[in-house]
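Reviewing the structure listed below.
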Amino acid sequence: MQTSRSTPVVLVSIVLAGALTGPARAHAAEHAAGHAAQPNTQHPGQPGDARDAELIALLDRFVDALHERFPQWVGPSLGDERYNDRLSDSSPEAILAWEDRLRAFRSELAALDRAGFAEPDHLDADLLAYQLDEWLEVATLKRWQMPVNALSGPQVWLPQLGDRVPLNTPKHYDDYLSRLRQVPIAVGDAIDAMRLGIAEGRVPPRVVVEPTVAQAMSQASARIKADPSASPFFSPFRRLDEGDPRRAEAMMLVADRIAPVYEELALFLQNEYLPATRETTAIADGIDGPRAYEVAIREHTTLDLTPDQVHQIGLEEVARLRAEMMGVIARTDWPGNDTSWDDDDAKFSAFVEYLRTDERFYFTEPEDLLRGYRDIAKQIDAEMPKLFATLPRLPYGVREIPRFAAVSSPTAYYYSGSLEGGVPGWFMANTYALDQRPTYDMVALTLHEGVPGHHHQIALTQELEGVHPVRRLMGFTAFSEGWGLYAELLGLEVGEDRVDDGVYRGMYADPYDDFGHLNYQMWRAMRLVVDTGLHSKGWSRQRAIDYMLANSANTEVDTANEVNRYIGWPGQATAYMIGRMKIVELRERAQERLGGRFDIRAFHDALLLGGSIPLPVLEARIDRWIGAQLASD
């Protein structure tokens with residue numbers, strides 16, 4: 001990601017497990033108890049397939065339960081507005097009750113007689129079983145007791161809620177007001193969860209909590225106290241007429257309830273929570289021990305890999321990419337190419353120092369950076385039909401990350417939208433510290449976060465037809481982030497015709513953009529090394545930062561934020577390169593077996609039109625697709 005914060009389509013594999021430490025795109029949901037959901041009456045299936053009635057009924061009830069439990073995330077994804085006036089109930093009691101419901105669904109699923117299942121029935125049942133088993137295993141780690149860090153928590157996701165929900169009718173504004181009334185409850189629930197975590201010895205590393213004090217106080221700043229309309233909670237109401245009574249109520253809520261509760265949160269974090277947090281950074285040093293990291297790797301990669309295996313894969317990829325980067329450096333106009341160097345390490349170090357410090361690679365105005373991303377996005381749009389037979393209907397735009405979150409945020413991330421809810425997707429770009437936001441990364445980053453990356457994949461998943469709605473709510477990090485990283489590689493296949501030496505590099509025709517693309521691939525390879533180093537090999541935070549700076553052109557601010565993210569969200573960063581490697585492996589397999597019959601557009605449809613699925617399921621799906629192509633001759 002950038003995260004991918006990573007999310008989307010609702011990334012329920014993260015949200016429902018109670019992992020409230022993800023980035024903005026995958027912000028965890030918290031819920032409000034409510035009246036019973038009306039049953040979902042849709043029984044979608046594949047043409048010609050008779051779906052099993054008992055399974056469909058279970059899936060319907062499960063989707064309804066998800067919607068009732070996580071209304072602000074599931075509702076927009078499905079275009080269902082029944083609970084638009086509610087926030088999730090994030091109280092400890094509600095979380096434990098939800099875990100009981102998950103266990104009940106798992107038992108009911110296991111009891112179904114599969115003898116008459118059609119292929120879509122088997123796939124839906126297998127995926128739901130996989131997802132439920134994962135959530136229940138993660139639930140034993142009680143991550144909900146650590147709901148706040150620099151990338152997530154009510155101080156990050158709640159102030160941005162107005163950008164994530166539909167606001168197209170008077171009722172939408174009434175519903176949003178109702179949600180604002182519940183903000184103090186959600187913040188109070190987070191404080192209660194943290195106090196329980198302190199009591200049980202389950203607390204995060206201090207380094208990922210320290211920025212949250214300022215984040216919380218930003219919602220209770222002197223400026224907002226003097227003028228509540230300056231609050232992001234109020235911003236949607238600026239569209240209404242001055243005399244609209246909802247404006248006055250929103251101002252009152254900000255002044256009398258929301259700003260005071262965020263001040264309370266900031267004081268709690270400063271005076272009570274920070275002193276209780278850990279100085280250590282490894283998840284294995286926490287109360288749940290090494291098993292917590294093993295679970296995290298399985299959860300995010302969907303594969304049975306050990307930390308040692310992941311670490312070794314990372315070391316090998318770093319070495320491979322480093323050699324390729326040296327070749328690209330030689331094609332640049334960097335003056336150092338005319339200098340004699342003792343070794344490649346010295347040359348690489350000098351080159352990346354040039355990239356980090358030369359003004360030619362940095363904008364000085366936020367709007368110029370945003371305009372640059374928008375220009376690249378439109379160039380890529382024109383290339384999409386060459387790679388894909390199926391394109392989503394939902395558009396996306398480029399928007400800057402809010403300043404209160406930007407200081408601790410990555411370079412960019414993606415927010416999913418909803419065609420049914422009238423909400424576009426958003427590529428969120430960080431305009432803080434522009435001297436740390438180089439231009440040579442921008443092409444790769446746009447490919448990753450926009451199209452053909454996260455927006456393309458996630459919007460297609462939301463628009464799937466002929467599948468049960470539960471499939472549109474599933475998300476697996478290795479699939480979505482693996483696809484995002486693979487999407488960066490697709491930039492090599494479209495765009496400009498040639499570079500000067502006759503080597504086709506597509507969207508990366510400029511050698512600095514090409515180096516930026518390799519730098520992003522290197523970044524994800526280093527994540528395998530650094531994440532496992534931090535959480536299973538005793539690496540210090542500084543060692544992780546030094547390793548990444550020595551092997552990439554990443555800037556110091558971004559590198560420090562990234563390492564903090566790996567500390568706060570163990571295992572998630574390993575999914576990117578593992579997922580990308582599997583997708584590349586499957587493409588090479590298809591090309592080898594199909595030869596001249598290989599169609600890249602058909603292959604991409606086969607990859608994406610099954611929705612977000614675990615890597616083993618994806619591999620089986622592509623193998624079946626290859627077989628079908630061969631049999632069609």
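The values are calculated or read from the model by the stated rules, or taken from the named source; none is laboratory data. This structure is a prediction, so every number in the text was calculated from the model and none was measured. Note: ideal-geometry Cβ built from the backbone for every residue, glycine included; neighbour counts use all protein chains shown. Quick note on the areas: whole protein, heavy atoms, side chains included, nothing else; ligands and nucleic acids left out. Shrake-Rupley method; radii C 1.70, N 1.55, O 1.52, S 1.80 Å.
Data table
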{"quantity": "Among (1) surrounded by 14 or more Cβ atoms within 10 Å (Cβ to Cβ); (2) within 23 Å of Ile191 (Cα to Cα) - the single one Asp256 does not satisfy", "calculated": "(1)"}
{"quantity": "Total residues in region 417-469, condition buried (at least 24 other Cβ atoms within 10 Å of the Cβ), in contact with a Lys or Arg (Cβ under 8 Å, 6 or more places away or on another chain) and more than 27 Å from Thr559 (Cβ to Cβ)", "calculated": "3"}
{"quantity": "Odd one out for Glu585, checked against (1) surrounded by fewer than 24 Cβ atoms within 10 Å (Cβ to Cβ); (2) within 18 Å of Gln312 (Cβ to Cβ); (3) in contact with a helix residue (DSSP H, G or I) (Cβ under 8 Å, 6 or more places away or on another chain)", "calculated": "(3)"}
{"quantity": "Residue count for region 502-541, restricted to those that are within 30 Å of Asp285 (Cα to Cα) and among the charged types (D, E, K, R)", "calculated": "5"}
{"quantity": "Residue match in region 332-349 (condition: in contact with a Leu (Cβ under 9 Å, 6 or more places away or on another chain), loosely packed, with under 14 Cβ neighbours inside 10 Å and not small (Gly, Ala, Ser))", "calculated": "no"}
{"quantity": "Selection within region 150-203 - open to solvent by less than 10 Å² (accessible area, probe 1.4 Å) and of a type in the set (Ser, Thr, Tyr)", "calculated": "Ser152, Tyr176"}
{"quantity": "Pairs where the first residue, in region 140-160, is polar (S, T, N, Q) and at pLDDT 95 or above and the second is surrounded by fewer than 24 Cβ atoms within 10 Å (Cβ to Cβ) and not in a helix (DSSP H, G or I), C-beta under 7 Å, 6+ apart", "calculated": "Gln145/Arg202"}
{"quantity": "Identity of the residue in region 241-278, over 27 Å from the mean Cα position of the chain (by Cα) and outside any helix (DSSP H, G or I), that ends up nearest to Gln182 (Cα to Cα)", "calculated": "Asp244"}
{"quantity": "Count - residues of region 472-506 that are modelled with pLDDT of 90 or more and assigned to a helix (DSSP H, G or I)", "calculated": "15"}
{"quantity": "Test: residue in region 518-531 that is open to solvent by less than 20 Å² (accessible area, probe 1.4 Å), of a type in the set (Asp, Glu), under 18 Å from Ala150 (Cβ atoms) and modelled with pLDDT of 95 or more", "calculated": "yes"}
{"quantity": "Hits in region 279-294 - residues which are assigned to a helix (DSSP H, G or I) and open to solvent by less than 50 Å² (accessible area, probe 1.4 Å)", "calculated": "Ile283, Ala284, Gly289, Ala292, Tyr293"}
{"quantity": "Set Leu394, Leu369: member being assigned to a loop (DSSP other than H, G, I, E, B), open to solvent by less than 70 Å² (accessible area, probe 1.4 Å) and touching a strand residue (DSSP E or B) at 6+ places or on another chain (Cβ under 8 Å)", "calculated": "Leu394"}
{"quantity": "Counted residues, region 539-557 - those being open to solvent by 10 Å² or more (accessible area, probe 1.4 Å) and part of a helix (DSSP H, G or I)", "calculated": "10"}
{"quantity": "Count of region 582-630 residues which are farther than 21 Å from Gly484 by Cα and either touching a Cys at 6+ places or on another chain (Cβ under 8 Å) or of a type outside the set (S, T, N, Q) (or both)", "calculated": "14"}
{"quantity": "Members of region 425-441 that are of a type in the set (A, V, I, L, M, F, W, C), outside any loop (DSSP other than H, G, I, E, B) and over 20 Å from the mean Cα position of the chain (by Cα)", "calculated": "Leu434"}
{"quantity": "Residues satisfying the stated conditions in region 405-424, i.e. assigned to a strand (DSSP E or B) and either among the aromatic types (Phe, Trp, Tyr) or at pLDDT 90 or above (or both)", "calculated": "Ala412, Tyr413, Tyr414, Tyr415"}
{"quantity": "Members of region 221-240 that are surrounded by fewer than 19 Cβ atoms within 10 Å (Cβ to Cβ) and in a helix (DSSP H, G or I)", "calculated": "Ala222, Arg223, Lys225, Ala226, Ser229, Ala230, Ser235, Arg238, Arg239"}
{"quantity": "Total residues in region 470-501, condition surrounded by fewer than 24 Cβ atoms within 10 Å (Cβ to Cβ) and closer than 30 Å to Phe62 by Cα", "calculated": "4"}
{"quantity": "Single unsatisfied condition, Arg580 versus (1) within 22 Å of Leu391 (Cα to Cα); (2) of a type in the set (Lys, Arg); (3) surrounded by fewer than 22 Cβ atoms within 10 Å (Cβ to Cβ)", "calculated": "(3)"}
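Residues checked against (1) at pLDDT below 95; (2) under 23 Å from Arg403 (Cα atoms):
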{"residue": "Thr339", "(1), (2)": "yes, no"}
{"residue": "Arg360", "(1), (2)": "no, no"}
{"residue": "Glu365", "(1), (2)": "no, yes"}
{"residue": "Gly372", "(1), (2)": "no, yes"}
